[in-house]
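Asker: Okay, handing you the structure first.
Readers should treat all values here as calculations from the given coordinates under stated rules, not as data from a laboratory. Not measured: the values here are computed from a predicted model. Neighbour counts are summed over all protein chains in view; Cβ atoms, including those assigned to glycine, are modelled from backbone coordinates with ideal geometry.
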Amino acid sequence: MTRVLEYRVNPEDLSRTAGGILGKTLKICMGLTPHEISHAKYVPEGITVLRQLPENGGPGQFVPALVNDRVRAGDVVRVQFTETASEEQKVIPAEGMDVQILYEDEDVAVLNKPAGIVSHPSHGHYRDSMANYLAGFYEKRGIEGMIRTVGRLDKDTSGIIVFAKNAPAASRLFRQKEQGIFRKTYLAVAAGSPGEGEWKRWNVVDLPIGPIPGVLMKQQIIPPPDGKPALTRYQCCGRWEDASLILAEIETGRTHQIRIHMASIGHPLMGDSLYGKDTSGPGMPDRTLLHAWKAVFRKPFGEEEIRVAAPVPDDMAPFIVHCGISM
């Protein structure tokens, strides 16, 4: 998959780039990292420049350029990223599930993941993850290349999952996560009812999370250094019978973070037999009621803000209705 970026040099850029040094233009004006610049240098026609010509000088053409070259105001710089996945890196395309795309551009695909599907290939799920189904979707469209999961969801969790279509886009989205620009809002149903002081306002759980020695699939609240910082904000926005409708946002992305933090305050998520109670039986949910509902991020190459929402799944819809919440 090839991604091409273009940038027209402005007069004010020259003072910021020591008189138009191309390498500085790539870094300062186009926001490329040293690794990305180095990669482009070794791609055929990876870095080219279209010179600003006089009106009678013909149309001009992009010509290869070196990072030590100088550009002028009006020149157009083009950078081309090309990557080919090795056999080990390739995601096996799969069919058998309709892929619901909530948003897509040349760098990003945002999908609505159903509950019961893993995010990316892993032990026992080499051909039936969301990444496999997305690869199969693109194969039908004749699109090849690597796709990268930008933050996975647990198998039971439904909702928004983001994939980057190229390495530079992935690195920028991960950077947005670190900077708090890329944010998700989760919808959950928790057992019990938080106290009046926690009703309809944002509350914070700030407890470190780490692995349980010898236990593969479960995490725990544990102090440093084994426990890593984890902060969850939550708000109780509705109640129905012995359950509460919860909005949650996470500042960190630890495994099972919302599930562990809600259980730690005495309100495990409904259907979560790992951190809550045995929920088997008639009328009980058959999965953890957690849904990645909304996401906001910026386009990897640009300042445009993207806002996406995933429809509330059927097994959570009754709580919305009975709580009288407008979604």
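Asker: Looking at the range 2-82, I'd like the Rg to Rh ratio, where Rg is from alpha-carbon atoms and Rh is Kirkwood's inverse mean 1/r.
Answerer: Here Rg/Rh amounts to 0.96.
Asker: Taking the Cα centre of the chain as the origin and placing charges on Cβ (Lys, Arg +1; Asp, Glu -1), which of P268, I92, T48 is farthest toward the positive end of the dipole?
Answerer: Going by the Cα projections, it comes out as T48.
Asker: Could you list which residues have their amide H under 5 Å from that of M270, counting only those 5 or more apart in sequence or on another chain, with H placed in the peptide plane?
Answerer: V189, A190, A191, L289
Asker: Do the sum for the chain: with -39,500 (n - 2.57) for every DSSP H run of n ≥ 4, divided by all residues, what is the mean residue ellipticity at 222 nm, to the nearest 500 deg cm²/dmol?
Answerer: Working: 6 runs with 51 residues, N = 327.
Value at 222 nm, helices only: -4500 deg cm²/dmol.
Asker: Among T2, S15, L66, which residue has its Cα positioned farthest towards the positive end of the charge dipole of the chain, with +1 placed on the Cβ of Lys and Arg, -1 on the Cβ of Asp and Glu, and the dipole taken about the Cα centre?
Answerer: The listed residue farthest towards the positive side: S15.
Asker: While we're on this one: FRET efficiency for D206 and Y103, Cβ-Cβ distance as r, R0 = 22 Å, nearest 0.05? Don't skip to the answer; put the middle values down first.
Answerer: Working: r = 31 Å, r/R0 = 1.43.
Here the calculated transfer efficiency is 0.10.
Asker: Taking 0.36 nm per residue of separation and subtracting the Cα-Cα distance, what length does fully extending K218 through R51 add?
Answerer: Numbers: separation 167, 0.36 × 167 = 60.12 nm, distance 5.83 nm.
Difference between extended and current length: 54.3 nm.
Asker: Would you work out the charge dipole size for the chain about its Cα centre, treating the Cβ of every Lys and Arg as +1 and the Cβ of every Asp and Glu as -1, and quote it to the nearest 20 debye? Walk me through the numbers on the way to the answer.
Answerer: Numbers: 38 positive and 39 negative charges, 148 e Å.
In total the dipole reaches around 720 debye.
Asker: Within a 10 angstrom radius of the beta carbon, how do S264, S129, S122 rank from fewest other beta carbons to most? If you can, show how the numbers build up before the last one.
Answerer: Working: S264 16, S129 23, S122 12.
Fewest to most other Cβ atoms nearby, the residues stand as S122, S264, S129.
Asker: Starting from the Cα gyration tensor of the range 224-313, multiply each eigenvalue by 5, take the square root, and state the resulting semi-axes largest first in whole Å. Could the numbers behind the result be given before it?
Answerer: Details: eigenvalues 146, 72, 28 Å².
They are 27, 19, 12 Å, listed largest first.
Asker: Please identify, among M316, M262, M284, the residue showing maximal mean-square fluctuation in a Gaussian network model of the chain using a 10 angstrom Cα cutoff.
Answerer: M284
Asker: Applying 1/(1 + (r/R0)^6) with R0 = 22 Å to the Cβ-Cβ distance of I92 and R141, what FRET efficiency is obtained, to the nearest 0.05?
Answerer: Working: r = 17 Å, r/R0 = 0.76.
Once rounded, the FRET efficiency stands at 0.85.
Asker: Quick one: length gained pulling R183 to L231 fully straight, 0.36 nm per residue minus the C-alpha distance? If you can, show how the numbers build up before the last one.
Answerer: Details: separation 48, 0.36 × 48 = 17.28 nm, distance 1.33 nm.
Using 0.36 nm per residue and subtracting the Cα-Cα distance, I get 16.0 nm.
Asker: Over all alpha-carbon pairs of the range 214-266, lay out the pair-distance distribution in 10 Å bins, whole %, shortest bin first.
Answerer: 20, 50, 23, 7, 0
Asker: While we're looking at this one, here's another question. Which residue, V321, C29, P114, has the largest displacement toward the positive end of the dipole of the chain when charges sit on each Cβ (Lys, Arg +1; Asp, Glu -1)?
Answerer: So the residue we want is C29.
Asker: With 10 angstrom as the radius, rank W240, W202 by how many other C-beta atoms surround their C-beta, starting from the fewest. Before the final figure, lay out each step's value.
Answerer: Details: W240 16, W202 11.
Lowest to highest Cβ neighbour count: W202, W240.
Asker: How long are the semi-axes of the equivalent ellipsoid of the range 168-327, taking √(5λ) for every eigenvalue λ of the Cα gyration tensor, in whole Å from largest down? All intermediate terms of the calculation are to be shown ahead of the outcome.
Answerer: Working: eigenvalues 135, 96, 43 Å².
Its equivalent ellipsoid spans semi-axes of 26, 22, 15 Å.
Asker: Using only the Cα atoms, what convex hull volume per residue in Å³ does the chain have? Walk me through the intermediate numbers first.
Answerer: Details: hull volume 61.2 nm³, N = 327.
So the per-residue hull volume is 187 Å³.
Asker: I would also like to ask the following. How would you order 299-312, 241-254 from highest to lowest mean count of nearby Cβ atoms within 10 Å?
Answerer: Values: 299-312: 14.7, 241-254: 17.9.
Put in order of decreasing packing, that is 241-254, 299-312.
Asker: Follow-up. Relative contact order for the chain: what percent, with Cα pairs under 8 Å and sequence separation of 6 or more?
Answerer: So the answer I get is 14 percent.
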